Each structure stands twice: as structure tokens, then as C-alpha cells.
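Working notes, beginning with the structure itself.
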Amino acid sequence: MLRLALSPALLLFGCAVQAAPVADPSAVARIHAGIVDCPACNLQGADLSNTCVKGRDLHSADFDGANATLMCMSYANFSGATFRGTDLSGANLAFADLDGADITGATMTITSIKGTDLTKVKGLTQTQLDAACGDTHTTVPAGLAVHTCS
């Protein structure tokens, strides 16, 4: 008897195909409702555009592949969170805690990182910094430079 385990990947013609990420619907609803302390919540692939989590606790949350365009995220705790492949265009991450966060492949077009310490962020590139808006209080790892906006 042959048994196949199809979750979290699907088997298609002998090849494993990774299923699209699926966010926890109750976590997404909490963000949209403004009940936003959501540590370690699963927000993978969710549409979080134009929502606000200012000053809230979302440490270790999984935002991978999410749409976080124009999201108000300033002063929030995102330590240990993952933003791999997340669209952060126009989001406000000013003064957010991103210690240990992973932003590999995140889009950061006109993302505000003013006053944010990015020295412990994983996956940060100069291309991301060139597209984002920082200031003299934004700190980045050695070898990278902040693009400032007025």
C-alpha cells in the first residue's frame, strides 16, 4: 500500500509542489479589526494593505508573502518576525523594533524606516535601502548606506 502525505507540499507528476502560504483567518481578522497584538501569528500571504498596527506587539509573526502596502507599522514590535517576499511598499516602519526580523526579498519602495535600527535585520540589501526612506537616526549594518528622504 502506497501512502502519500500531501501537506504542506503536493505531489504532482512525481515532483513536490509547495502549496501557497495560507494565513490564519482569525489573525487576519484581528489585524483588520484593529485588535492587533498578535505575537507569533500566521499572516502568510494575507492582504494587510492600509491596516494599522502602530505600537503593537507582533514579535515572531509570519508575514511571508503578505501584501503590507501602506500599512502603518511604526513603533511596533516585530522582533523575530519574517517578511520574506512581503510587499512593504509605502509602509511606515518608523521606529519599529525589527531585531532578528527577516526581510529577505521584501519590496521596500518608499517604505519609511526613519529612526529604525536595522543592524540586526536578516536579508537586508542595499537595493532595499535605496528604495526606502530613512533619516539620520536610521542605523544599518556596516557596508550598507541609508537613503534619506525629506
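Which residue out of F95, F83 is aromatic (F, W, Y), crowded, with 18+ Cβ neighbours inside 10 Å and under 19 Å from A46 (Cα atoms)? Spell out how you get there, then give the answer.
Numbers: F95 fails: under 19 Å from A46 (Cα atoms).
Answer to the selection: F83.
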Look at F95 and say whether it is touching a Phe, Trp or Tyr at 6+ places or on another chain (Cβ under 7 Å), of a type in the set (F, W, Y) and more than 19 Å from D135 (Cβ to Cβ).
-> no
For region 115-129, pairs from a residue that is without any contact (Cβ under 8 Å) to a residue 24 or more places away in the chain and over 18 Å from S89 (Cβ atoms) to a residue that is of a type outside the set (S, T, N, Q) and not in a loop (DSSP other than H, G, I, E, B), with Cβ under 9 Å and 6 or more apart or across chains, are G115/G134; D117/D97; K122/D102
For region 91-106, the count of residues that are assigned to a loop (DSSP other than H, G, I, E, B) and under 13 Å from the mean Cα position of the chain (by Cα) equals 11
Counting only residues in region 27-63 that are touching a Pro at 6+ places or on another chain (Cβ under 6 Å) and closer than 19 Å to S89 by Cβ, the one surrounded by the fewest Cβ atoms within 10 Å (Cβ to Cβ) is identified as G45
Listed by first then second residue, the pairs whose first member lies in region 28-43 and is closer than 14 Å to M71 by Cα, whose partner is part of a helix (DSSP H, G or I) and not hydrophobic (A, V, I, L, M, F, W, C), with beta carbons under 9 Å and at least 6 positions apart or on separate chains, are V36/R30
Taking region 107-145 and keeping only residues that are of a type in the set (V, I, T), outside any loop (DSSP other than H, G, I, E, B) and touching an Asp or Glu at 6+ places or on another chain (Cβ under 8 Å), one is left with T107, T139
Condition (residue is touching a Gly at 6+ places or on another chain (Cβ under 8 Å) and either modelled with pLDDT under 90 or in a strand (DSSP E or B) (or both)) applied to region 31-40: is it met by at least one residue? no
Of the residues in region 101-117, those that are of a type in the set (G, A, S) and under 18 Å from Q44 (Cα atoms) number 3
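The values are calculated or read from the model by the stated rules, or taken from the named source; none is laboratory data. All values reported here derive from a predicted model rather than from experimental measurement. Cβ coordinates were reconstructed from backbone atoms using ideal geometry, including for glycine residues, and neighbour counts include every protein chain displayed.
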